[in-house]
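Just below is one structure, and these are the notes that go with it.
The values are calculated or read from the model by the stated rules, or taken from the named source; none is laboratory data. Just so you know, these numbers come straight off a predicted model, no measurement behind them. Neighbour counts are summed over all protein chains in view; Cβ atoms, including those assigned to glycine, are modelled from backbone coordinates with ideal geometry. All accessible areas refer to the heavy atoms of the entire protein, side chains included, with ligands and DNA or RNA removed. Shrake-Rupley method; radii C 1.70, N 1.55, O 1.52, S 1.80 Å.
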Amino acid sequence: MEEKVRILCVDDEVNVLRALKRSFLDSDYDVITAASGEEGLAALAGDTPVQIVMSDYRMPGMNGVDFLREVRRRWPETVRIVLSGYADIAAVISAVNEGEIYHFIAKPWNDDDLRVTMANAVERFHCNEIRVDLAQQLKAKNDELQRINCAHILDALPVGVVCIDTDGLVVQCNREARRLLDVSPVRAIGIGRRDLLPDELNLFVEKIAEGNGAVLSTTIKGGGVRVVGGGMKGAGREEVALVLESGEGAGH
């Protein structure tokens, strides 16, 4: 069952709040009220999300525009509407033009117009949800394509490459590295480095993380391997990269 849209109405006049609630008696909205900007912020900080916030402009303490600006800062996904008399229209229009507020409703309002505005606000909220979801999906697809492209490039190299993130997980292990380490593609990515690398290479990784050691000659699976290691940036975080080159005389 789809969750009800929740609307927060903020006004210091009790009669106005009652009138707003009456306007939506026949709707499927869950309408809650607050008598000040401070009470409104407290309501928004609760466990149940609020999709639409409608606030009076003239209130003691925090006025409606300042309140909605704070709402935008803390809950940017909400759709924000301001109620006001015509005496405050210049200040409200300025706030609307700055992008802080979705819509202005003049007092006294027409109930039919109010319901249409609210329906449009709900549609806007859902459209924003879809847009954010699509953007996240697109980013995930782009990240996956970059990972696949990087893997293809690394697989074409004549040397082994192993990349390890700050959690100690293997995030890249190309074809030559898998051959030298004698590990399958399925086991090579996403496992802990200690499960992939021999003890000497794990000690080498720790030295690199401490800023020590850049070259190691060792033996892996009976063959001599020269290992060059260093730090690198990966996805906004530090990683350790190992380059493994097979060759005679590379071992001890």
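Quick rundown of the values:
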{"item": "Within the stretch 97-115, considering residues that are at pLDDT below 85 and among the acidic types (D, E), the one nearest to the chain's Cα centre (by Cα)", "result": "E100"}
{"item": "Subset of the stretch 171-197 [in contact (Cβ under 8 Å) with a residue 40 or more places away in the chain and either of a type in the set (D, E, K, R) or over 17 Å from A241 (Cβ atoms) (or both)]", "result": "E176"}
{"item": "Strands (runs of 3 or more DSSP E) (entirely within the stretch 25-111) containing at least 1 residues that are free of Cβ contacts under 8 Å to residues at least 40 places away in the same chain, in contact with a Lys or Arg (Cβ under 9 Å, 6 or more places away or on another chain) and not basic (K, R)", "result": "30-34, 79-84, 103-106"}
{"item": "Residue match in the stretch 137-151 (condition: open to solvent by 70 Å² or more (accessible area, probe 1.4 Å) and either closer than 30 Å to L83 by Cα or at pLDDT 85 or above (or both))", "result": "no"}
{"item": "Residue identified as of a type in the set (A, V, I, L, M, F, W, C) and over 30 Å from M54 (Cβ atoms) among A121, A140, A135", "result": "A140"}
{"item": "Identity of the residue in the stretch 1-13, outside any strand (DSSP E or B) and touching a residue at least 60 places away in the same chain (Cβ under 8 Å), that ends up surrounded by the most Cβ atoms within 10 Å (Cβ to Cβ)", "result": "D11"}
{"item": "Residues (buried (at least 17 other Cβ atoms within 10 Å of the Cβ) and in contact (Cβ under 8 Å) with a residue 60 or more places away in the chain) located in the stretch 160-170", "result": "G160, V161, V162, C163, I164"}
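For (1) among the basic types (K, R); (2) on the phi < 0 side of the Ramachandran plot; (3) under 27 Å from the mean Cα position of the chain (by Cα); (4) open to solvent by less than 30 Å² (accessible area, probe 1.4 Å), each residue gets a yes or a no:
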{"position": "N15", "(1), (2), (3), (4)": "no, yes, no, no"}
{"position": "A19", "(1), (2), (3), (4)": "no, yes, no, yes"}
{"position": "D47", "(1), (2), (3), (4)": "no, yes, yes, no"}
{"position": "D66", "(1), (2), (3), (4)": "no, yes, yes, no"}
{"position": "R72", "(1), (2), (3), (4)": "yes, yes, yes, no"}
